[in-house]
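Colleague: Okay, handing you the structure first.
The values are calculated or read from the model by the stated rules, or taken from the named source; none is laboratory data. The shown structure was predicted, so the numbers you read here are calculated from the model rather than taken from an experiment. Every residue, glycine as well, gets a Cβ built from its backbone with ideal geometry; the counts of neighbours run over all protein chains shown. Remember, those area values only see protein heavy atoms, side chains included, never the ligands or the DNA or RNA. Shrake-Rupley method; radii C 1.70, N 1.55, O 1.52, S 1.80 Å.
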Amino acid sequence: MKSIFLADSENHVRAALNLLIQYQPGLVISGESDNTENLLAQVCSNPPDVILLDLNLPGLRPKKLVQTLRVFCPNTQVIAISVKPEHEKSAMGLELDGFILKQLPPEVFISSLELIISKSIK
């Protein structure tokens, strides 16, 4: 069972992802946050297997946030999510484990998520 933490500032996005993920065998939602401070408070004490991270999450800049997550959650996969395809290049520059567009059809989003998770050797 892989635990997924949702970090997105938009309630409707978190709700949609939660609904989508909760019906996938082998995946469970371990928590949610709408800002970086709350994200760090939750995941540093109980690191999930995967963090789905909106690159526009309020708080720390993405580079600093990813560096902090790597220190406190070294075995957690951090996957960027965004509505902007052009964010993929900058996301990969942050040494993230993957990038997924939020507006993909549900089955494509899940298959992309599962593919990234399966590539983990941690």
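Colleague: From the residues in the stretch 59-76 that are touching a helix residue (DSSP H, G or I) at 6+ places or on another chain (Cβ under 7 Å) and open to solvent by 60 Å² or more (accessible area, probe 1.4 Å), which one is nearest to Lys2 (Cα to Cα)?
Modeller: Across the stretch 59-76, the extreme among qualifying residues is Phe72.
Colleague: In addition: Need the failing condition index for Ala7 against (1) open to solvent by 60 Å² or more (accessible area, probe 1.4 Å); (2) modelled with pLDDT of 95 or more, just the number.
Modeller: Just one mismatch for Ala7, condition (1).
Colleague: State whether the residues of the stretch 114-121 include one that is without any contact (Cβ under 8 Å) to a residue 60 or more places away in the chain, basic (Lys, Arg) and either in contact with a Pro (Cβ under 8 Å, 6 or more places away or on another chain) or over 18 Å from Cys44 (Cβ atoms) (or both).
Modeller: Yes, because at least one residue in the stretch 114-121 is without any contact (Cβ under 8 Å) to a residue 60 or more places away in the chain, basic (Lys, Arg) and either in contact with a Pro (Cβ under 8 Å, 6 or more places away or on another chain) or over 18 Å from Cys44 (Cβ atoms) (or both).
Colleague: Please work out if Glu107 is acidic (Asp, Glu), open to solvent by 30 Å² or more (accessible area, probe 1.4 Å), at positive phi and without any contact (Cβ under 8 Å) to a residue 60 or more places away in the chain.
Modeller: no
Colleague: Taking the stretch 77-98 as the search range and keeping residues that are open to solvent by less than 30 Å² (accessible area, probe 1.4 Å) and not β-branched (Val, Ile, Thr), which one is farthest from the chain's Cα centre (by Cα)?
Modeller: So the residue we want is Ala91.
Colleague: Still on this structure, I have one more. Is it true that Pro25 is open to solvent by 60 Å² or more (accessible area, probe 1.4 Å) and part of a loop (DSSP other than H, G, I, E, B)?
Modeller: The answer is yes for Pro25.
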